[in-house]
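What follows is a set of notes on a single structure, which appears directly below.
The values are calculated or read from the model by the stated rules, or taken from the named source; none is laboratory data. Everything numeric here is computed off the predicted structure, so don't read it as measured data. Don't worry about glycine lacking a Cβ; one is built from the backbone with ideal geometry, like all the others, and counts go over all protein chains shown. The area values use the complete protein model at the heavy-atom level, side chains included, leaving out ligands, DNA and RNA. Shrake-Rupley method; radii C 1.70, N 1.55, O 1.52, S 1.80 Å.
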Amino acid sequence: WQHPMVTTTARREGNQALLVGFWLAGLLNVAAAGAGWDLLGWLTKPLIMLLLLAWAWRVLPDPRPPGGRLLLVGIGFAWLGDVFLMGSGDMFFLLGLCGFLVMQVLYILAFRAVPGTHLLRERWWLGIPFVLVWTGMNALLSPGDLRIPVLIYSAVLLGMSAAALDLLPRLARPCGTRVFVGSVLFVVSDG
């Protein structure tokens, strides 16, 4: 038997350790890419999403709500996307793109599963910048034979960011803002 306070403290510390590991793996991966340290990049890249998945598993309530389950599976597909993109050539690129495409769709479904007011239903015009960014991104890209997959992926990517914006009134202020900012960073990164 453990005192509930000890269990809660240990759990909180475990959650913090996973977040620190996530940030450390991410920073080391960026440093490895910048410095050309391939081995460190290969070691850290798969860890990033695994640590995020472990953290999300621990912080989501049990039993996990439908949106939480979708989020966890989405993170798993993000991990697959990262692993496939570690390979070289069009086939690995397409597999990575598919992993991230499924992830984006699952994130959209997870965000929509959160009950409450939908911002974009009330203020549809807030979706216009997403359409403009999608149009601009695809006008600037020249992916050659991969044009159709890139068009589809970029539409779903921006749809995920729009779903994150739509989520703002349904989540507590810091959490909702972080989700939206993270979605925008994902759009910038993939763009």
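Inspection of the stretch 6-16 identifies no residue that is among the hydroxyl-bearing types (Ser, Thr, Tyr) and modelled with pLDDT of 90 or more. When the stretch 71-96 is filtered for residues that are over 21 Å from Leu167 (Cβ atoms), crowded, with 18+ Cβ neighbours inside 10 Å and in contact (Cβ under 8 Å) with a residue 24 or more places away in the chain, the ones remaining, listed by number, are Trp79, Asp82. A single member of Pro174, Pro149, Pro169 is open to solvent by 50 Å² or more (accessible area, probe 1.4 Å), of a type outside the set (D, E, K, R), in a helix (DSSP H, G or I) and in contact (Cβ under 8 Å) with a residue 12 or more places away in the chain, and it is Pro169. Inspection of the stretch 31-38 identifies at least one residue that is over 17 Å from the mean Cα position of the chain (by Cα) and on the phi > 0 side of the Ramachandran plot.
When Gly68 is tested against (1) crowded, with 16+ Cβ neighbours inside 10 Å; (2) farther than 22 Å from Tyr153 by Cβ; (3) touching a helix residue (DSSP H, G or I) at 6+ places or on another chain (Cβ under 7 Å), just one condition goes unmet, and that condition is (3).
The conditions of being among the acidic types (Asp, Glu), without any contact (Cβ under 8 Å) to a residue 60 or more places away in the chain and exposed (fewer than 14 other Cβ atoms within 10 Å of the Cβ) are met by Asp62.
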